[in-house]
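Beneath this line is the structure, given in structure tokens, with notes to follow.
No lab work stands behind these numbers, since they all come straight from the coordinates. In this text the structure is predicted, and so the values were computed from the model without any measurement. A quick note on method: Cβ atoms are made from the backbone with ideal geometry, for glycine too, and the neighbour counts reach across all protein chains shown.
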Amino acid sequence: MSDHSFAARTRRYEFPNGLTLLVLENHANPTVSVSGYLRAGAYFNPNDKDGLSSLTASMLNKGTARRAKLEIAESLESAGARLSTGSNTFTVSIGGQSLSRDLGLIIKTLGEELREPAFPADELEKLKQRVIAGIKEDQDETRVRAYERLTQLIFLQDNPFYRKPADHLISRIESISVENLREFYGRYYGPGSMILTIVGDVDAENVRGLLEEVFGDWQGAPARQFDLTETPLQVEAKVDVVQMRDKANCDIVIGHASRLRRSNPDFLAARIANSALGQSTLSSRLGLKVRDEMGLTYGINSSFPESGIGDGPFTIAVTVAPQNIDQTIKTTMEIVSDYLTNGIREDELRDEKSSHTGAFKVGLATNAGMASQIASAELLGLGVQYLDEFPSQIASMTKEQVDAAIRKYLHPEVATTVIAGTINQ
Amino acid sequence: MAFTHITEYDGITEYKLDSNNLKVLLVPRDAAPVVAFMVVYRVGSRNEAVGHTGSTHLLEHMLFKGTPTYNKKNGTQIAAILQKQGAVFNADTWFDRTRYYEMLPNDQLELAIHLEADRMRNSFIADEDRQSEMTVVRNELERGENDPGRILDERLWALAFREHPYHHPTIGWRSDVEGVPTTRLKEFYDTYYHPNNATAIMVGDFKHEAALDLIAKHFGPIPSSPNVIPPTYTVEPPQEGEIRFVLRRAGQLGIVEMAWHIPQATHPDSGALTLLDTILSTGITSRLYQALIETELAVDVGAQAYQFIDPGLFTLDLTLRPGVAHQEAERVALEVIEKFKTEEVPEKELQKAKNMIITQMIYLRDSPFGVVSALGEAEGVADWKLYVDLPKMVEKVTSADIKRVANTYFTQDNRTVGYFIPKEESSNE
């Protein structure tokens, strides 16, 4: 381990109450970035309370036992500091940025919000109405509608990646009360599952002291575990259309259950398998043919959009004018089929390796980039050393490994195709 | 030496490449082993007219289609070769400027410099490429047309600007995008893509002398333009009366957008207008948030001072909560605006807005791309010092200035107001 490695430069502290703190000093600029997680995401929503985890996380800054929403906002905004909490499929994520001299302000505010939220009823009502309007607005987007329908066709309703229909979601959100929030908060919010990464112009020991002061005596809920089963692969191909009005452009999403999680041993092979196929609309196989050569689309990409703690889908997403739908789907399927038959080319593999290594370096060029990578490595159980090991893991990848991942994770023969837009059937 | 040292200011060094007057900015920053490189051309949709609207943008796409050195047949396609290095790269076009950029590991700096120098004059701009790329751009345009807010905004600019080319959107009018001949694009390329109409900006971990040598090596041999870069001269006359319009199509939430003409970026009132945009719409404590979101009239609000080479617009947009009348939201937003004319902004509120703008600039310095981007935008409208001096410009604005500026520009005769009204689904559909 060299002195310049992330593992050597990052200080990791585990507090007796379970909170994990990671600090990386970077004195290049007088700023600091904060990134973190708590295991209190949508996965834990009770059956009839979709949206509860999201409302709970969004209510944290709407008032505490000590201060009203406006007072909290005033103190942060006056310093130009930012702090936010939001719910994802599995976690609540924490993000913040301030001048390094204001780190105390954001950590103390975060402590107040996480430990003493007031959940004022009038603020909940306002938030619910705003969230509902946001859902309605999203329903106007072809991309959202196509992806939503895809998840409804390939996952069962109790799957964490199934997107509930908008009407259903809105009625559930309307039913959520302050009591529901308090109960959810009481069951899932605590230091046991909390990870906080702080990167910037700070002193690691001082940060540890600050966290001790703010969170040291927090008990809260015990850390919860995820109990995930693998989503089965579909057994037949399907096609569906989401009819919308006044849309010049259609969104097509083709996909199936991926069965790929970060903990799968061949995760990086699958990532390379995907990127040669469709990570970049300008230079991957799909983009080179469908966009660059045929001019059918402005954007075509393939991805494992949710693969991390859980699996989620594998998807190919493309936008086209309605008259180009058939040709686009046909060409896309031919490219995938050829890729399955012949695998990745040696030159593609070489280019993908240098691309991944270079992009990793570029992504770590900012405090925010480092904080988010370190927090995510900790959350996924990879550890900070992952940031140091990543280049050699990529470099050692072989064509056999990538080809095996292509065969294991790409299944066009059972893919579901959804088209959203104004379509003459 | 091949360069003339022009100035050094706030850690940024400006040079001129003697052989062709390329402007060069170097900003060393060794926090991470990466470098961001950008070439900004002083050409945008402002330089277009009817028949070839959207040409600057279409041309920008064509600059990814290759040169004799970098092309698909050679196995050196531009996007592929950058992707291979893990670069973050792209290009975009706006009213006043077109920019091309890459952020990549610093051992690949020469690739970025060589590529940008090469495509400045050697791009193919082939008719066959235009045909396939035109439909890519048309799909980009169609994607934009899916969004009612974007269409409303496009119409608002088209009405507020009757004579000046800010009238048309950068992506162009659909039939112009479809019909423009390749020769017209080539003419654009030959008119504007020259070193004396560009600025090369480098931010990151590089050696100063070595970086200059690379720029001299690759850009040095390119001659400056054979002709003077043609100036534009169209001036938008005063508006002389409020303009109102309605857009009806399928959609979910109503939108109100309004705009007032404001002066060019280099005008002394720009600092006050930037602060007004922050006071109105940045954060929960902002005035529009308090007046419209807290009161449950709107679900989203925004304010933006668009400051360009020529006079631009100050816009407000309000996304309405279902059931709220457009007139009601407009009335409340105008009350917020009128208040600036009669009451001075309290000192504490003004200071908060100043802090927000200044800390935002410090955050930007975390990222080489953030810095290169901010300098590039300033170069696009005037000069990079405009960006560096923003804190000073903002710092000296007083509450009295804000009041005067609000009274000067936020007048009814200078205003354009558009409503997007979602069309109800008809029963026979």
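What to note about this one:
- Projected over every direction and averaged, the convex hull enclosing the alpha-carbon atoms of segment A:89-227 yields 10.9 nm².
- Distance between modelled label sites at B:Q412 and B:Y233, nm, 7 Å Cα→Cβ extension: 3.8 nm
- Calculated from the alpha-carbon coordinates, segment A:1-42 shows an Rg and a Dmax of 13.4, 40 Å respectively.
- Note on B:E178 and B:E338: the extension gain reaches 53.2 nm, defined as 0.36 nm multiplied by sequence separation minus the Cα-Cα distance.
- Convex hull volume of the Cα atoms of segment A:1-118, normalised per residue: 129 Å³.
- Above 51 Å, the calculated P(r) of the protein assembly as shown contains 13 percent of its Cα-Cα pairs.
- Multiplying each eigenvalue of the alpha-carbon gyration tensor of segment B:307-359 by 5 and taking the square root yields semi-axes of 25, 18, 13 Å, largest first, rounded to whole angstroms.
- Taking other residues whose beta carbon is less than 14 angstrom from the beta carbon of B:Y192, and scoring Lys, Arg as +1 and Asp, Glu as -1, yields +3.
- Rounded, prolate or oblate (a/c below 1.5 giving rounded, otherwise prolate when a/b exceeds b/c) for segment B:353-429 by Cα gyration tensor: oblate
- Listed by chain and number, the lysines whose C-alpha is less than 21 Å from the C-alpha of A:K330, apart from same-chain residues fewer than 8 away, are A:K238, A:K289.
- Eigenvalues of the alpha-carbon gyration tensor of segment A:238-421, scaled by 5 and square-rooted, set the equivalent ellipsoid semi-axes at 30, 18, 16 angstrom, largest first.
- Just so you know, the Rg over Rh for segment A:193-234 is 1.25, from Cα atoms, with Rh as the Kirkwood radius.
- Averaging 1/r across all pairs of distinct Cα atoms in segment B:176-275 and inverting the result yields a Kirkwood radius of 20.0 Å.
- Summed residue charge, Cβ within 13 Å of B:T170's Cβ, Lys/Arg positive, Asp/Glu negative: -4
- Over the Cα atoms of segment B:3-219, the radius of gyration divided by the Kirkwood radius equals 0.99; this is the Rg/Rh ratio.
- The convex hull around the C-alpha trace of chain A, projected and averaged over every direction, spans 21.4 square nanometres.
- Listed from fewest to most Cβ neighbours within 10 Å, the set A:L19, A:L268 follows the order A:L268, A:L19.
- Acute angle (nearest 10 degrees) that the helix A:178-188 long axis makes with the longest principal axis of chain A, alpha-carbon atoms: 90 degrees
- Sequence-distant contacts, meaning Cα pairs under 8 Å at least 6 residues apart, place the relative contact order of chain A at 22 percent.
- Alpha-carbon centroids, segment A:274-339 and segment B:96-142: separation in whole Å: 21 Å
- Shape analysis of chain B based on the Cα gyration tensor places the equivalent ellipsoid semi-axes at 38, 28, 20 Å, largest first.
- Farthest toward positive dipole pole in chain B [+1 Lys/Arg, -1 Asp/Glu at C-beta], among B:F161, B:T398, B:F64: B:F64
- Counting every other Cβ atom within 10 Å of each residue's Cβ, A:F267, A:F314, B:F340 order from fewest to most as A:F267, B:F340, A:F314.
- Helix B:148-160 axis, angle to chain B major axis (alpha carbon atoms, nearest 10°): 90 degrees
- Net charge of Cβ neighbours under 14 Å - reference B:H208; Lys, Arg +1; Asp, Glu -1: -4
- C-alpha long axis of helix A:267-278 to longest principal axis of chain A, angle in °: 50 degrees
- Too-long pairs where the Cα-Cα distance tops 19 Å, listed order kept, from B:K348/B:K396; A:K353/A:K399; A:K164/B:K423: A:K164/B:K423
- Cross-linked pairs B:K16/B:K73; B:K23/B:K207; B:K207/B:K385: Cα-Cα separations exceed 25 Å for B:K16/B:K73.
- Between segment B:28-54 and segment B:386-428, the Cα center-to-center distance that results, in Å: 26 Å
- Helix-only mean residue ellipticity at 222 nm for chain A, each DSSP H run of n ≥ 4 adding -39500 (n - 2.57), per residue, nearest 500: -13000 deg cm²/dmol
- Centre separation in Å (Cα based) which lies between segment A:147-184 and segment A:101-131: 23 Å
- Ranking of A:T417, A:T315 by count of other Cβ atoms within 10 Å, fewest first: A:T417, A:T315
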